[in-house]
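Before any comments, here is the structure.
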Amino acid sequence: MKTEIFKKTGKNILEYLRKLGGMSNIYSACRQGLEPLLSDKDAYIYATEEEIILVLMDPGTNKRYEDKDEMAWYLALTCELYRNRLQRLSKHIPNVYGVLVTSEHVMVCDDLQEIWDALDIALIDSVEGLDHLSLPVNTDDNLPVAFPLDFLYNAEFTESDYAFAEYSLISLIDPDITPDERDEEMDYLREEFGLDEILKD
């Protein structure tokens, strides 16, 4: 899904999401608010055992998020929180990606695009029809990914969860942090936050 959805534009993204929502092998749901950081923004979730795509809808009416950089960062942080929480359930976890769909036109510089690419975030702008959007979904509880998603919807996150997720993202885009330094720091944080034992189980 990620490869296709990241290539979509404002003219064809909704058509593609309608297609995904009609597929029986893909779990999909509409969430009134994307917890914990984007509780005032609606989102659609598309998931298989290999991928989870969080699609955040921004009709441009909420002026709290006039800066799309902030909204994209919160979306990336939500994806990271979900990714880390899924590790508590299984060693095999889906890749988690974020897509920000907005009605507004957004000028994106190369540096910003490079950061979003590193964070596995896509922004699709100039999308019409987000005000009263209703896309088809498939909330089949028999699909394997349905249970872990329900676990995520009801998860509560601690300050340690946020700190771990924030460092993980910042270290991906900080040019002064080498891969070895990042691995070393992530190992330390896993031990500090008690995640190492969970990931060994």
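The values are calculated or read from the model by the stated rules, or taken from the named source; none is laboratory data. This one's a predicted model, so the numbers in the text were calculated from it and none came from an experiment. Neighbour counts are summed over all protein chains in view; Cβ atoms, including those assigned to glycine, are modelled from backbone coordinates with ideal geometry. Side chains are part of the model used for accessible areas, which takes the heavy atoms of the whole protein and leaves out ligands, DNA and RNA. Shrake-Rupley method; radii C 1.70, N 1.55, O 1.52, S 1.80 Å.
Each row is one residue, and each column tells you yes or no for (1) out of contact with any helix residue (DSSP H, G or I) (no Cβ under 6 Å at 6 or more places or on another chain); (2) open to solvent by 60 Å² or more (accessible area, probe 1.4 Å); (3) farther than 29 Å from residue 24 by Cα.
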position	(1), (2), (3)
46	no, no, no
57	yes, no, no
61	yes, yes, yes
69	yes, yes, yes
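For the stretch 12-41, enumerate the residues that are open to solvent by 40 Å² or more (accessible area, probe 1.4 Å), in contact (Cβ under 8 Å) with a residue 40 or more places away in the chain and closer than 17 Å to residue 127 by Cα.
18
Identify all residues within the stretch 121-156 that are in contact (Cβ under 8 Å) with a residue 40 or more places away in the chain, more than 19 Å from residue 16 (Cα to Cα) and either of a type in the set (Ser, Thr, Tyr) or surrounded by 12 or more Cβ atoms within 10 Å (Cβ to Cβ) (or both); write none if there are none.
If the condition is that a residue be in contact (Cβ under 8 Å) with a residue 40 or more places away in the chain, more than 19 Å from residue 16 (Cα to Cα) and either of a type in the set (Ser, Thr, Tyr) or surrounded by 12 or more Cβ atoms within 10 Å (Cβ to Cβ) (or both), then 140, 143, 145, 146, 148, 149, 151, 152, 153, 155 are the ones that fit.
Matching residues to (1) assigned to a loop (DSSP other than H, G, I, E, B); (2) in contact with a Leu (Cβ under 7 Å, 6 or more places away or on another chain):
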{"position": "115", "(1), (2)": "no, no"}
{"position": "127", "(1), (2)": "yes, yes"}
{"position": "130", "(1), (2)": "yes, no"}
{"position": "140", "(1), (2)": "yes, no"}
{"position": "147", "(1), (2)": "no, no"}
{"position": "156", "(1), (2)": "yes, no"}
{"position": "160", "(1), (2)": "no, no"}
{"position": "165", "(1), (2)": "no, yes"}
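Please state which one of 148, 136, 144 is under 16 Å from the mean Cα position of the chain (by Cα), over 19 Å from residue 9 (Cα atoms) and not small (Gly, Ala, Ser). Walk me through it before giving the result.
Numbers: 136 fails: under 16 Å from the mean Cα position of the chain (by Cα); 144 fails: under 16 Å from the mean Cα position of the chain (by Cα).
One residue alone meets the criteria, 148.
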